[in-house]
Amino acid sequence: MSQNKPEAEIRLDKLNELKKLGINPYPNRTPSFHVIGEVRKKKEGEKTATVGRITAIREHGKSTFFDIEDPEEKLQVYFKLDEVGEKSYELLKLLDVGDYVWISGEMFITKAGELSLKAKEFQLLSKSLLPIPEGWHGLTDVETRYRSRSLDFKINKSTREIIKTRSNIISGIRDFLDRHGFIEITTPVLQPIPGGATARPFITHHNALDADFYLRVSDELYLKRLVVGGFERVYEIGPDFRNEGLSHMHNPEFTMCEFYWAYQTAEGLRGVTQKLVQELVEKTNGTLTIEYQGHKLDFSGDFVVKKYRDLIEEETGINIDTENDFKKLNAAVKAKKIEFKGQDIKVWSELVDELFKKTCRPKIVQPTFVIDYPIATAPLAKRYEDRPETAQKFQLIVAGGFELVNAYSELNDPLDQEARFREQMEMREEGWDEAQMLDENYIEALKFGMPPTAGWGMGIDRMTMILTNQYSIKEVIPFPTLKPIKNIGEEKTK
């Protein structure tokens, strides 16, 4: 085989040579084996077998050394011509870094003192046809890593560890909710009306039904239908979709956990939230005090509680109770020279929400429950009976603006809910395309009666960011949303 050929062609030649020799480069079965971690515990002279990916090949006359790895450990393997036989030893020339192999033999310690496996037999399990790109190890171009995520995980153990932590967080939430008597149910991703959150949806078309559907922005309205149907503690963990901008904290497709608990209140859920979050933090990091991007976060003890209106007044001097319509609030914001560049805000609820996000959230570092949001910003939440302009709602905010949890006492008055939906529709007509739509089917469900209920949502991705100390949400999503690269044919037609 010509060494002047590109590496990919050389590997393809080796593949064809293996086939000519009657060797299947992708066999159906793997002989029995132990993982490398178990093999490394065996004593010198003990027979064993293992599997792994070749990460290095070193030839020394009539001897060859391989380094092989599995997801957790690595091992040096020693091949000697006299031990494996000439025919088998020649086959080593057809193997490459990246190939997966099965090897049996006995453990020994080299002169350098390294525990190794002396090979007696080996079998190719999967032939690698592409080499690891030069310079990939230590690659700092995150865009390239995200576009070649399989390779990123294969090479970088640290990226695998982040995703394993994410999985453990999801398992921890499931365990907590199951212990509290909840059941997990899956609700539709394709919805005729997107509801449950103030967000811009993605639209898709169902060919067989000849109808447009939306990718869900939230699981809320369907989970509450289940509460109406008698499932009084129900949750779902799954993807939601919001057609919004990308940032280090936003991905259009993200994972949420939502639960709904009959006969519970938002105030009661604060205690539940604190216990769950503290459990996740301690299980993940072994302590309740962690570092996040230069912040020392202390999750021990009771979390701070602050009122939404008080935070805005403390930071801006604006009283949102008196500046209670768009014109008044907009004038007050302008007087304070607070700007929202690139945003065309037309309604009070959007303006007060953006004001809070810009001036207050970035300054909240330690775990803080922000409570008592304006009812206009929470169209699905219950009002306080003695303060009808205030919603029984809280958010858990931490680390300079991370909204980890959003929860409230659910509105179960169908007439009030219908009126709120109609107010939202008016806001849409005024130009706020994130306002919610009227869902008559949901209103009908409420009319059959829903018990007093509290609802709760946590962004899995953001929780993982905090617990793994990652600045970008893309690092904690296995396959983050990226702008597609146009293929060569499309480029040439332009």
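Roughly what % antiparallel, to the nearest 5, for the DSSP beta bridges in the chain? Numbers along the way, then the final one.
Details: 78 of 87 bridges.
Taking every DSSP beta bridge within the chain, about 90 percent pair in antiparallel fashion.
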Starting from the amide H of Glu410, placed 1.01 Å from N in the peptide plane, find each other amide H under 5 Å away whose residue is 5 or more places distant or on another chain. Lys382, Thr453, Ala454, Gly455
Estimated D of the range 325-479 in µm² per second, where Rh is the Kirkwood radius over Cα pairs and Stokes-Einstein applies at 10 °C, 1.306 mPa s: 91 µm²/s
What is the helix-to-structure angle for 348-359, meaning the angle in degrees between its Cα long axis and the longest Cα principal axis of the chain, kept from 0 to 90 and rounded to the nearest 10? 50 degrees
Just flag the chymotrypsin sites (Phe, Trp or Tyr not before Pro) in the range 275-311 sitting in loop per DSSP whose Cβ has no more than 12 other Cβ atoms within 10 Å. none
His180-Ala331 FRET efficiency (beta carbon distance; Förster radius 41 Å; 0.05 resolution): 0.30
Of Lys127/Lys483; Lys41/Lys127; Lys337/Lys382; Lys62/Lys111; Lys41/Lys283; Lys5/Lys486, which ones are farther than 25 Å apart at the Cα? Lys127/Lys483; Lys41/Lys127; Lys337/Lys382; Lys41/Lys283; Lys5/Lys486
Could I have the simple spin-label model distance between Lys447 and Thr289, label points 7 Å from Cα toward Cβ, reported in nm to one decimal? 5.8 nm
Give me the extension gain from Thr322 to Glu114: residue separation times 0.36 nm, minus the current Cα-Cα distance, reported in nm with one decimal. 67.4 nm
Can you give the Rg to Rh ratio of the range 234-351, both from alpha-carbon atoms, with Rh computed by the Kirkwood formula? 1.03
Add -39500 (n - 2.57) for each DSSP H run of 4 or more in the chain, then divide by its residues: what number comes out at 222 nm, to the nearest 500 deg cm²/dmol? -9500 deg cm²/dmol
Please report the antiparallel percentage of DSSP beta bridges with both residues in the range 7-126, rounded to the nearest 5. 90 percent
Grab the Cα-Cα distance for Phe340 and Leu21, subtract it from 0.36 nm times how many residues apart they are, and report the gain in nm with one decimal. 107.9 nm
Calc'd 3J(HN,Hα), the range 58-66, phi into Karplus 6.51 cos²θ - 1.76 cosθ + 1.60 (θ = phi - 60°), Hz, glycine/Pro = x, comes to 10, 9, 9, x, 9, 10, 9, 10, 10
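Translational diffusion coefficient of the range 7-126 at 20 °C, 1.002 mPa s, Stokes-Einstein with Kirkwood Rh over Cα pairs, in µm²/s as a whole number.
Translational diffusion coefficient: 147 µm²/s.
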Rounded FRET efficiency, nearest 0.05, which uses the C-beta distance separating Asn4 from His248 and R0 of 51 Å: 0.70
Pulled fully out, how much extra length does the chain show between Ser63 and Leu482, if you take 0.36 nm times their separation in residues and subtract their Cα-Cα distance? 146.2 nm
Rotationally averaged projected area of the chain (alpha carbon convex hull; nm²): 31.9 nm²
If amide hydrogens are placed 1.01 Å from N in the peptide plane, which non-local residues have theirs closer than 5 Å to the one on Tyr373? Ala391, Lys393
From the phi angles alone, apply the Karplus equation (6.51, -1.76, 1.60; θ = phi - 60°) to the range 330-335 and give each ³J(HN,Hα) in whole Hz, x where the residue is Gly or Pro. 5, 5, 5, 5, 5, 5
GluC sites (Glu not before Pro) restricted to DSSP loop in the range 60-125 with at most 14 other C-beta within 10 Å: Glu72, Glu114
What is the order of His248, His205, fewest Cβ neighbours within 10 Å to most? His205, His248
Table column - 3J(HN,Hα) (Hz), the range 371-376, Karplus curve with 6.51, -1.76, 1.60, x for Gly and Pro: 10, 6, 7, x, 4, 5
Using alpha-carbon coordinates, inclination of helix 414-429 to the longest axis of the chain, degrees: 80 degrees
Estimated FRET transfer efficiency when R0 is 35 angstrom, pair Asp386-Asp212 (beta carbons, to 0.05): 0.25
State, as an integer percentage, the relative contact order of the range 7-126 based on alpha-carbon contacts under 8 Å between residues 6 or more apart. 27 percent
List the GluC sites (Glu not before Pro) within the range 399-494 that DSSP assigns to loop and that have no more than 15 neighbouring Cβ atoms inside 10 Å. Glu430
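When only C-alpha pairs under 8 Å and at least 6 residues apart count, what is the relative contact order of the chain, in percent?
13 percent
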Once amide H atoms are placed 1.01 Å from N in the peptide plane, what residues at a sequence separation of 5 or more from His180, or on another chain, have their amide H within under 5 Å of its amide H? none
Arg428 versus Asp141, label points 7 Å from Cα toward the beta carbon: distance in nm? 4.3 nm
Using only Cα atoms, find the angle between the long axis of helix 157-179 and the longest principal axis of the chain, and express it within 0 to 90 degrees, rounded to the nearest 10. 50 degrees
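Any read-out appearing in this document is the output of simple, stated calculations on the displayed coordinates, not a laboratory observation. As the structure is a prediction and not an experimental result, all values here were calculated from the model. Using ideal geometry, Cβ is built from the backbone for each residue, glycine included, and neighbour counts are taken over all protein chains shown.
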